[in-house]
Amino acid sequence: MTTLLTGCNREQWEVGFYPVESKGATSHTDAYTSLWTGNWITALIVGALAWGLMLWCVVVYRRKKSDRGLPVQMAYHMPIEILYTVIPVIVVMGLFFQTVNTLEQTTDDRTPGEQVIEVVGKQWAWDFNYVTEDVHYAGVQVNLDGTEQPGYDAPTLYLPADTDVELVMRSRDVIHSFWVPAFLEKRDMIPGRESSIHLRPLKEGTYVGKCAELCGEFHSEMLFNVEVVPMDEYLDYTDGLRQQGNTGILGPEYDRTEWYQNPYEREGAES
């Protein structure tokens, strides 16, 4: 146990063993961390009480050598039974409302994005359409070479710091999943449907991302990076894409949909 504890530092404890770089990374990460650590603290308290009571009963009410016959039999104890009913209800209700409050701040966040960016998953890379700036970046598959940092040249998504961003996600072919571990958020990308994340990147830096849904032979190479930069640097980057001729967005004309048909898009189908 001592060896295990020495491998943990204060930063890891503060974020509940989430990625250390998640602290203050976006407008959502602190809410997720608070919910996570609060649930663990509650579980530990409940567990300690339950085990403490069981051990108390084992020690205090154990059969002694001097005992004769059966111990005193009790059919019920009304105050204790009421206590054991009320306390779990209070705990569950508290966790429920805390979860709802967190979801309202995170998953249900619909703050209008000053910058709208479309993230498109494809076997086995990523396209990034900077819709507000009307430019795009077409990613290519990462080739793993066995080094410790195989994703240094991976497709890179640029996000402006301290700016409300709307990430709209969809897939060109099979089910993918957009995951930036440090952001503590993940969204599935299902053909024919769109999902989104509304957040505000707060901490500048480089973050790693990956597809979190088994999507075929080279799923492990579907990596990407995220660069959170100041707004002026973000605009310089998108201007660079414009100068390279990457104007407009890479739309559904590049989707591989011959094998898939959304039933809600069929003529005459009711949604």
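The values are calculated or read from the model by the stated rules, or taken from the named source; none is laboratory data. Source: prediction; values computed, not measured. Quick reminder, even Gly has a Cβ in these numbers, built from the backbone with ideal geometry, and neighbours come from all protein chains shown.
Given the options D145, D153, D108, name the one that is surrounded by fewer than 19 Cβ atoms within 10 Å (Cβ to Cβ), within 20 Å of V229 (Cβ to Cβ) and not aromatic (F, W, Y).
D153
Within region 171-186, track down each residue that is closer than 22 Å to L250 by Cα and either more than 19 Å from the chain's Cα centre (by Cα) or buried (at least 20 other Cβ atoms within 10 Å of the Cβ) (or both).
Matches in region 171-186: S171, R172, D173, V174, H176, S177, F178.
Can you list residue pairs whose Cβ atoms sit under 9 Å apart, with the first residue in region 205-224 being assigned by TED's automatic domain parsing to the domain that holds T147 and within 16 Å of I175 (Cβ to Cβ) and the second being modelled with pLDDT under 90 and of a type outside the set (A, V, I, L, M, F, W, C)? Count only pairs 6 or more apart in sequence or on different chains.
Once the first residue is assigned by TED's automatic domain parsing to the domain that holds T147 and within 16 Å of I175 (Cβ to Cβ) and sits in region 205-224, its partners that are modelled with pLDDT under 90 and of a type outside the set (A, V, I, L, M, F, W, C) give K210/G151.
Does region 154-173 contain at least one residue that is touching a residue at least 60 places away in the same chain (Cβ under 8 Å), more than 19 Å from T29 (Cβ to Cβ), basic (K, R) and not in a loop (DSSP other than H, G, I, E, B)?
no
Under the condition of being closer than 27 Å to F96 by Cβ and surrounded by fewer than 14 Cβ atoms within 10 Å (Cβ to Cβ), which residue from region 1-23 is modelled with the highest pLDDT?
F17
For the subset of region 144-174 comprising residues that are at pLDDT 95 or above and of a type in the set (A, V, I, L, M), which member is farthest from K122 (Cα to Cα)?
A161
Tally the residues that are in contact with a Gly (Cβ under 9 Å, 6 or more places away or on another chain) and either among the aliphatic types (A, V, I, L, M) or at pLDDT 95 or above (or both), restricting the search to region 91-117.
1
Within the set of pairs 6 or more residues apart or between chains, which connect a residue that is surrounded by fewer than 13 Cβ atoms within 10 Å (Cβ to Cβ) inside region 25-53 to a residue that is not in a helix (DSSP H, G or I) with Cβ atoms less than 9 Å apart?
Listed by first residue and then by second, the contacts come to W40/G16.
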